[in-house]
Each structure stands twice: as C-alpha cells, then as structure tokens.
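Trainee: One structure follows; several queries about it will come next.
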Amino acid sequence: MARVLALDIATTSGWACDGPPDKHGQLRPVGGTFSAPGDMNELGRAYIRFAEHLTGLINLHQPAVLAFEAPLVLAHGGRTAVFTTQATTRKLFGLAAIAEYIATLRGLDVYELNVQQVRRHFLGSARPGNRVETKRAVMERCRSLGWAPASHDIADAMACWSYTKGCLRSGGIVAGPLYAAEAGR
C-alpha cells in the first residue's frame, strides 16, 4: 500500500507518516511538528519555511501520497464558528496551495480532506463537541490505538493519516475540495 504523509496545516503544522509496524504487525504512524511563523508582512518567509520543511519530510519519508485537511474558515453561523483574521485566512490557504504544488511537482497523489469526514472516520462523529473537546477526543483516540502524539497538531495529522490509509485500503478516497459533493463531484 502507498506510503502516506498527512498534514494538519497551521502556523505549527502537525505531520504523520507510515512508521514501523507495532509488535502485532499493525502499521502505525510516526509524527512531528514544524513551524512556519510569520505575520501578514512576512508571509513570503513563512511560505518558504513551510516549503523547506515539507520538502525535507518528502525526501526523508518518500511518500506516494500527500493528504491534508482542507483549510476551514467560517465567518459566522454553524455550531462551531471559527473567527479569524484576513492574514490567518490568507496564510492557511497559501500553505495548502504550497503543499499541493510541491506534492504535485514531486509526483505524489494529493488529497485535500474534509475535516468532518476525517472526524467521522476517526472518532465516529463529525462533531464530538466544541473545539477543545474535539482536540481532546482525537488525542485520546490516538492513545487508545497505542500511538503517542506529543501534541494536538500531531494527533490531528495522525487522524488524517488514518483516514487516508483507510480510504486507500477500501479502494477509494473520499477527498477533494471541501464542497465537492455540492459541485457535482
């Protein structure tokens, strides 16, 4: 099966990739974080740092697939509205574009994942609670699987890794733009 590198893209991005099997022969992820700090006046530097880190991970782990959560920015409404700045929105979409660009350039299959589908797969519910409760639930699920993420960023990347591996095993990945179903895909 294809090696997967999964990202939870943010200023501090979590990553997860195929690691060594556990004592029962089950594949498990390894993971870590890297930072791409920079405010609105330093986005170019943040993009360069992100690209360097991502290129290093691809060189080290040699994945065939890159998967990442689609940037999600809600201005109003919904049960879990996230309020953010223009700079943060621009940065998140820029980092996602760079990830897709680098992976495509390197010949990797690229999947943009819907966060609700990832949570449904990993937690059994797309909305297990508020943001803090959801982060805690993802961390607890990782630990229950014998994984030891050092941060929520890594745990979120491991959830993306698990979702992607599961979809690839079942013969198809349900991924793409966040609203792909509405676009007739």
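The values are calculated or read from the model by the stated rules, or taken from the named source; none is laboratory data. In this text the structure is predicted, and so the values were computed from the model without any measurement. Note that each Cβ is placed from the backbone with ideal geometry, even for glycine, and that neighbours are counted across all protein chains shown.
Okay, residues lined up against (1) touching a residue at least 12 places away in the same chain (Cβ under 8 Å); (2) among the polar types (S, T, N, Q); (3) surrounded by fewer than 17 Cβ atoms within 10 Å (Cβ to Cβ); (4) part of a loop (DSSP other than H, G, I, E, B):
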{"site": "ARG141", "(1), (2), (3), (4)": "yes, no, no, no"}
{"site": "PRO149", "(1), (2), (3), (4)": "yes, no, no, yes"}
{"site": "ALA155", "(1), (2), (3), (4)": "yes, no, no, no"}
{"site": "TRP161", "(1), (2), (3), (4)": "yes, no, no, no"}
{"site": "THR164", "(1), (2), (3), (4)": "yes, yes, no, no"}
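Trainee: Inspect the range 38-49 for any residue being of a type outside the set (Ser, Thr, Tyr), within 20 Å of LEU113 (Cβ to Cβ), in contact (Cβ under 8 Å) with a residue 40 or more places away in the chain and surrounded by 14 or more Cβ atoms within 10 Å (Cβ to Cβ) and give the result as yes or no.
Mentor: So far as the range 38-49 goes, no, none of its residues is of a type outside the set (Ser, Thr, Tyr), within 20 Å of LEU113 (Cβ to Cβ), in contact (Cβ under 8 Å) with a residue 40 or more places away in the chain and surrounded by 14 or more Cβ atoms within 10 Å (Cβ to Cβ).
Trainee: Shifting gears a bit: Working only within the range 101-139, note down all residues that are assigned to a loop (DSSP other than H, G, I, E, B), among the aliphatic types (A, V, I, L, M) and surrounded by fewer than 17 Cβ atoms within 10 Å (Cβ to Cβ). Before the answer, list the steps.
Mentor: Keep residues of the range 101-139 that are assigned to a loop (DSSP other than H, G, I, E, B), which gives 106-108, 114, 124-130.
From what is left, the residues that are among the aliphatic types (A, V, I, L, M) are 108, 126.
The answer is ALA126, and nothing else.
Trainee: In addition: Search the range 74-94 for residues being modelled with pLDDT under 60 and aliphatic (A, V, I, L, M), and hand back the single one that is farthest from VAL132 (Cα to Cα).
Mentor: ALA75
Trainee: Ok, one more. Within the range 147-161, can one find any residue that is at pLDDT 95 or above and among the hydroxyl-bearing types (Ser, Thr, Tyr)?
Mentor: Yes - at least one qualifying residue is present in the range 147-161.
Trainee: Need pairs with beta-carbon distance below 9 Å; first residue more than 13 Å from LYS165 (Cβ to Cβ) and at pLDDT 95 or above and within the range 18-33, second among the polar types (S, T, N, Q) and part of a strand (DSSP E or B); sequence gap 6+ or separate chains.
Mentor: Final answer for the pair search is THR33/THR12; THR33/SER13.
Trainee: Filter the range 116-162 for residues that are among the basic types (Lys, Arg) and farther than 21 Å from PRO20 by Cβ and give the result. Reasoning before the result, please.
Mentor: Of all residues in the range 116-162, those among the basic types (Lys, Arg) come to 119-120, 127, 131, 135-136, 141, 143.
Result: ARG119, ARG120, ARG127, ARG131, LYS135, ARG136.
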